[in-house]
Every structure is written in C-alpha cells, then in structure tokens.
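For reference, the structure discussed in these notes is given below.
The values are calculated or read from the model by the stated rules, or taken from the named source; none is laboratory data. Worth saying up front: this structure is predicted, and the values here are computed from it rather than measured. All Cβ positions, even for glycine, are placed from backbone atoms using ideal geometry, and neighbour counts span all protein chains on display. Side chains are part of the model used for accessible areas, which takes the heavy atoms of the whole protein and leaves out ligands, DNA and RNA. Shrake-Rupley method; radii C 1.70, N 1.55, O 1.52, S 1.80 Å.
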Amino acid sequence: MRYLRVSLVAALALAACSEVPVQEVIDCDWQVLTFMTAEETTGIATGDWAVPALEYAPVEVDPKYSHQLSFMMSPMMPPMMDPIASSGPVILYADDFATMIVSPLNAFGSTWMLRDGGKLRIGMHGDTDRIPAGTEHRFLVVSGQGINHTTQCWGALMRREAGTTPPDRYADTGLSYLGYWTDNGAAYYYSTSGELNEQDTLLAVKTNADEIGVPYGYFQIDSWWYQKERQTNVNPGGLISWQPQAAMFPDGLAAFQDALGLPLVAHNRWVSIHSPYLDRFDFVIDDDPDVEMAVPTGPGLFEEFMQSCLDWGVQTYEQDWLMNQYFGSRWLRNEPGHLEQWLRNMHDSAAAAGLTTQICMTGGAHLMEAASHENVTTVRTTIDYMANVCKECFWPQFHINNMVAGALGVWPFKDNFHSGEPHGRAEALISSLSAGMVGMGDAIGTTVVENVMPACRADGLLLKPDRPATAIDPMYLPHARPFTVSTETTLDGEGEWIYLAAFNMASGHPGRTDDDRLWEVLLYDAIPVSKMFNYPESVTDWSFDMTRDIGRSGRRVMYDWKTGQASVVTDVFTLPQIENLNDFDYMVLAPIFANGLALIGEPDKYVTMADRRFKAVKQLKHGLNVTLEGTPGETVKVLVYDTTVDRMLPTGEATIGADGTATLTVGREFD
C-alpha cells in the first residue's frame, strides 16, 4: 500500500478553498497536511476500528504539549484526557495553555488519530476496507495561545474550508423560543398523563403552560410517536414507518399540530431491516445475521421524510442514534465518503425543504461534517438528562463539548430538564448560558415558573449570550476550584458583559451519594469522570484572576445574581464560597462607563444584558438611557450601579409599548 504526502501548506492554500468572506480574525498559525492514495486499495480492514488500516507520517508533537483532550467514539463524544483512538479533533496543550489542535478536513468518518508520546499518529481506521484511487485525506493543524481561543481559530478554519457561514443564534424556532421536550428524561417519554393518550397529554401540557404563563414556542416529539419494531422505551428496535401511531394521534399529526398551535421538532432513529421502505428505496445491509440497521444510500427516503415534516408542521428534523448507526453499519465505515454521503443526503434534503436539522448521539465525525451544512443548527452535546443525580456526569462534559460545537458554528443543546428538581435553577441557567435550545420536560403541574422564566421574554423568545458558555482554560489543568464557565454579551461601542458560573463539584464532597457514584459507573461503562475533566477532591480555591482565567483586565462591577449585591473588582477577586454540592455562584462582570455608572441589566433574567432585550444604550452625564424590546405590556426592570458612591441606584422599570419597544433612563438625577 502506498500513499503520497502531497503538501505541507500554510494559510494561502486553505484560504483558497473558499470564496466565502470570513469575518473572524484568525490570529493562530495553521497548516494543512494532504495525503493521497494513488492507487485503489482494497481488503485492508484490520478487524478492529482502533488498529489503523492505513497510517500516514505522524505529526510531531512538541514536548511542551504535555496535556491532551480527545473525544470518545461513543454517543455525544464524551471528552477524554487520556490518549485514545478517535476521529478527532485532538487538542494538545501546555501548562501555559499554548495549544495545538489536529483534525481531519475531510473523510471524517474514515479518520483515525492517536496521541502516542511525542507524535500524533494519523491515518484511516481499521474498518476501512477500500480506498478509491486518487483519494485525498487532508488534516488541519492549528497552533495558538489559549485552549478556548485556539479552538475558536480551528472552528473558523473548518468553516472556511467548508465555505459556510455559521447559523445565527436565532436561526430557527427551536433556537429562538422556549420549548417543551418529550425525549429520554422528560416526564412524558413513552408515558402519558393518567388515562390520556399522547395527543391529549401534550395538549394538556400546553393548556397548563398557558395557565401558569410559560410561553412555549414549539413542542418536540421523540421516538415514541412513530412505528417501530416494538413500542417500548427499552430496546424498541428500528424504524418501521415514520408515521404516527393511530392510537396516539387519532386525527393525525397535522391535526394535532393545528390544535397545539405551535410548530414541532420531530425525532427519528435508524431504519429497521424489516421496514417496507426497503422495497422502495436503495439501502445497504451488512452481511451479518445479527445486523439490525439498514442504511439508505440515496436522498429519496430523506426527501419523503422532509415532505412529511412540511405536511405536519415540523420545522426541525432531529436525527438521533448517529454513533450507534456508525458502528451498526459496516458500509458507513468501510470506505472514505460513505458516512459523509449519508449525512449529506439527510441535511441537503432538509435544506431543500426549508428545514433545519438537529444531530444527536453524535461522534466527532458527525459534528465536523455538520460544519459543511448551514441548516444543521443544533447538536446534543451531553448524555440523556437524569433528574437530581450525578451532575458531574453531565455539566462538565457539556461545557467542554460546547467549546468544540460552538467553534464549528453548531449550537449546543443540553437536553431537557425538570424545573422543579433540586438543581432546577442550575439546569435552567446552564441551558440559558449555552446560547442554544432551552427545553423543558416537566410533568403537568410541576413547573417552577421562577426557574423557567429568567431564560426568556414574556413571549418565550430566549435571552442569550453571544456564544455558548465554555470551561475557562484553567479548568483543563489540575486545580481545587469550582468548575467555572464563562460567556459574554458584547454591545457594539458600549462594552462587554461577562457571565461567570462556578459550580461546587468535588469527588470527596460529603453530599455526593452512592447513587451518584453508581450512575458514574453505569453511564460511562465504568470510565471515571475524573478522566473527562479535572475533578478535585474538594474545592478550596475560590480565587478568580481575570487575566489568567478569561484574558481580561481592569475595573469592572461584579454583580452577584443570586444575592443582588454588587461591588467594584479589579483583575483579581474572590468568589463567594458555597457549601452544597452542585450549588453555584453566578456573577455578571459589567463594564464601568465614563460617567462612573455600570449597567447591570435585567436582574430577573439569567442573561442580564441580552441583545434581544437591550437594543441600544446611551451614556448621559449622570445617567444611562436604554432602548428595550419585548412583548407589548411586558414589564422590564433595569439595574444600574454607581461606582462613585458604591451603591445600586433605584431600580428602573419600563413597560414595553405596542410597537415592541420602550425607553428608560436610570441615573443619579432620578435618585
């Protein structure tokens, strides 16, 4: 077997791959490695995915990169700090946070990567059995300072290669509005309320939400609604027909959607080998007596699905079980391009119908391919929600994966949550700071409105930061600190508001239960979560250094969202100590204007300075004038802190007018 190392090229070659203007300033170094297999090569599978069928010259790794982050080849790509074989990306970093990231630029489903001492081995995985003549396999190597920063550079370069623009934070209804979910972990996953059927249960959810003032903008229907091999939430088998079950929706899905009055997000899974779709469309099925999955090779089946979406009022098509299908079908793995072809058929069919897609149970290959499709708006980046157990199995992994998903321009979704569970407010905060979807899974009569409504306006429009919250760089080295994440809102010409959330997560905390430890074993096949993130035995360091932690400096006002207290901080400060396991600090760092005032924003919302609430800010000699937007009749409170006297000014209050806006002045002259 022979391959030719074609080139080791720098910025010009990559930039030439795209004619799409790129707004990001990419201040990292990068290279592209291209390997060509000149002749057709067959019969090379090793029988083990982790043992490569083809290996190229390795990437040399500077010894300073003594730490690494890879992503497991399992659903939701959990992070892993030990060297493992994966599809990439691989993030290597030093004690000073100098960072190098290596990933494929194409053939994502065929890529194999493994850190091995002073080199990063790259090639094609061991299930590859045929490589067509002339196949090029390209890799991107990015170097920069800072883990988060370099990952942003990497993602921008991946998008530039694909020639795509990331979808907006409000690209579809699911991203824009508070939603109700029925997936695993939700109250009505394969379950109904009392004697009601599924249709009437969800209509009752909507009625209850209207009564208590929770403004859902869409409903998600999970795998329970369509025809599968078995109708059970335990091993229900593959898809038989993507049509609603008559007992659940007696009048059909379109009639249900019309009665609901809201658009839908609709789930799908793999196709069963017993599905009648196999008689009408082209499929491949492995020659294996235990095979359960059939894979459509053309776009026709997806085109039919998308037409059904249009008929039923579905706006987002959710494809689940992606990693299970990857390892459940040899065809998706045996040749470069097969996985990408299957995903293209899906995403392009949705795009042609004007629909967006969500990907779920993804691996790194699916997520990297998503950067080539502007209608892939969201991705689940953590395992299925469980109420009040093992938050260390969910929250850190979510924020680490958000760094990768956000860099690629795919908005992360944490999964549904119960607002009334003991950590319901933390779940809502985490969802809001993700800048992605916020989905509730409450049973009728259990919603805690005061935990839900800080996420959105009165009309259900989500109030978001600019980007997904991610773990700050020092979280990637051993520490004794709370697990700390950050994101921000930037208003052009007016400054930057930084949101810091710090969670008391410690392996030796007396509040950690046997159930927590049991679920850690069960959820990740006995892989300890301490291999996924730096998990201190106890939290003893509550210091925060703006330069070290988030690359900022100078005076700001720190607002404690939970207590309503504020003070001026400069560079280094101490977070309030919290005692309870999984409890959190939540701070807003606000800029100080030239007149000595700091606009904290809307204290009733998690994101206090969301740009879908604050349209404009004007500085006055002794005050601030703000233009607000929202739902007519909605009351908005605004906080301003006066650093010249170290106290909060009286709370400003405005009512949104009939045109959806209001203006408000808060200042010393009104004190």
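Structure notes:
- In the chain, the calculated helix contribution to ellipticity at 222 nm averages -5500 deg cm²/dmol per residue, counting -39,500 (n - 2.57) for every DSSP H run with n ≥ 4.
- In a fully extended conformation the segment linking Asp514 and Glu579 would gain 21.5 nm over its present Cα-Cα distance, using 0.36 nm per residue.
- Alpha-carbon centroid distance for the pair segment 237-263 / segment 143-208, whole angstrom: 21 Å
- Surface composition of the chain: carbon plus sulfur atoms hold 48% of the accessible area, using a 1.4 angstrom probe and ignoring ligands, DNA and RNA.
- Rounded, prolate or oblate (a/c below 1.5 giving rounded, otherwise prolate when a/b exceeds b/c) for segment 64-141 by Cα gyration tensor: prolate
- Förster-model FRET efficiency, 56 Å R0, Asp48 and Ala594, C-beta, rounded to 0.05: 0.30
- Only aspartates and glutamates eight or more places from Lys228 in sequence, or on another chain, were considered; those with a Cα closer than 15 Å are Glu292, Asp320.
- Percentage relative contact order, segment 377-531, counting C-alpha pairs under 8 Å, at least six apart: 20 percent
- The relative contact order of the chain, computed from alpha carbon pairs under 8 Å that lie at least 6 residues apart in sequence, is 11 percent.
- Straight-line cross-link partners of Lys206 among the aspartates and glutamates, defined as a Cα under 19 Å from its Cα and at least 8 positions apart when in the same chain: Asp183, Glu195, Glu198, Asp222, Asp251, Asp258, Asp442, Glu450, Asp459.
- For segment 473-535, relative contact order (Cα pairs under 8 Å, six or more residues apart, normalised by length) works out to 34 percent.
- Gap separating the Cα centres of segment 49-91 and segment 414-491, nearest whole Å: 30 Å
- Each residue, Lys615 and Asp27, gets one label point 7 Å from its Cα in the Cβ direction; the gap between the two is 3.4 nm.
- Rounded if a/c under 1.5, otherwise prolate or oblate - segment 385-521, Cα gyration tensor axes: oblate
- Projected-area mean, segment 95-221, by convex hull of Cα positions, square nanometres: 14.2 nm²
- All C-alpha to C-alpha distances of the chain, sorted into 20 Å bins beginning at zero, yield P(r) values of 18, 52, 28, 2, 0 percent in whole numbers.
- Ranked by the mean number of other Cβ atoms within 10 Å of their residues, highest first, the peptides 496-503, 525-532, 436-443 fall in the order 436-443, 496-503, 525-532.
- FRET efficiency estimate (nearest 0.05) - Cβ-Cβ, Glu195 to Leu310, R0 41 angstrom: 0.80
- Length available on full extension from Arg344 to Glu39: 0.36 nm per residue minus the Cα-Cα distance, which gives 107.2 nm.
- With the cut-off at under 20 Å, measuring from each backbone N in segment 627-647 to a point 7 Å along the Cα-to-Cβ line of Gln565 picks out 639-647.
- Shape class for segment 244-399: rounded, because the ratio a/c of the largest to smallest gyration tensor axis (alpha-carbon atoms, square roots of eigenvalues) is under 1.5.
- Estimated translational D of segment 170-251 in µm²/s (Stokes, Kirkwood radius over Cα pairs; 4 °C; 1.567 mPa s): 93 µm²/s
- Here the simple spin-label model places points 7 Å from the Cα toward Cβ, and for Glu60 and His479 these points are separated by 3.3 nm.
- Here segment 632-648 is scanned for amide nitrogen atoms under 15 Å from the site 7 Å beyond the Cα of His622 along Cα-to-Cβ, giving 642-645.
- Estimated FRET transfer efficiency (Arg647, Thr540; beta-carbon r; R0 35 Å; 0.05): 0.65
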